[in-house]
Amino acid sequence: ELTAEEIKRQEQLKRHRIVSRERYQLMKAGKHKVGQPFTLKCKCCGNSFESKMSNTLFCSPKCRAKYYRRQESEKRMREIVCNYCGKTFVATRSDVKYCCKECKEEANRIMRKERYEMKKQQKLNQNTSDTVFIEEKKTA
């Protein structure tokens with residue numbers, strides 16, 4: 001019984017053999033000479049380009065980087081529930097909590113208001129304890 005990795009490797013080798021066979025058939029038929037550039041299609045942008053190697057996938061380093069960045073972001077995509085409105089949305093970053101700028105701003109406004117009220121309450125409690133302490137000193 002083969003493992004998943006072994007099966008994947010066999011599929012890659014099979015694809016490689018097919019491409020190599022096609023390349024050999026082109027050379028054998030005289031349609032392609034050694035050293036002559038191949039006309040290929042970029043895997044990222046779809047533009048045609050020429051390369052001396054038949055297995056080149058991208059027309060430029062920029063396209064290669066863009067393609068692999070996109071692949072990585074698709075792997076990281078996950079569904080998240082917005083902390084403010086409860087709507088489900090898809091995000092690639094792990095620190096995202098809100099579905100949109102409006103929800104984030106509204107949630108922050110509410111948190112600021114709550115913090116302000118808490119500080120106000122603490123000051124009020126502190127002032128009343130200070131006055132009680134001062135009154136106790138006067139009576140003593």
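The values are calculated or read from the model by the stated rules, or taken from the named source; none is laboratory data. All figures in this text were calculated on a predicted structure; none of them were measured in a lab. In this analysis, Cβ positions are derived from the backbone assuming ideal geometry, glycine residues included, and neighbour counts consider all displayed protein chains.
Picking from VAL81, VAL34, VAL90, which residue would you name as being in contact with an Asp or Glu (Cβ under 7 Å, 6 or more places away or on another chain) and either of a type in the set (Val, Ile, Thr) or at pLDDT 90 or above (or both)?
Exactly one residue qualifies, and that residue is VAL90.
Inspect the stretch 69-78 for any residue being modelled with pLDDT of 90 or more and among the aliphatic types (A, V, I, L, M) and give the result as yes or no.
No, the stretch 69-78 has no match at all.
If the Cβ limit is 7 Å and pairs must be 6+ apart or interchain, which residue in the stretch 1-29 that is in a helix (DSSP H, G or I) pairs with which residue that is exposed (fewer than 10 other Cβ atoms within 10 Å of the Cβ)?
Listed by first residue and then by second, the contacts come to MET27/VAL34.
Among (1) over 30 Å from PRO37 (Cα atoms); (2) touching a Leu at 6+ places or on another chain (Cβ under 8 Å), which single condition is GLU74 missing?
(2)
Please go through the stretch 30-41 and pick out each residue that is in a loop (DSSP other than H, G, I, E, B), out of contact with any Lys or Arg (no Cβ under 9 Å at 6 or more places or on another chain) and not charged (D, E, K, R).
GLY30, VAL34, listed by residue number.
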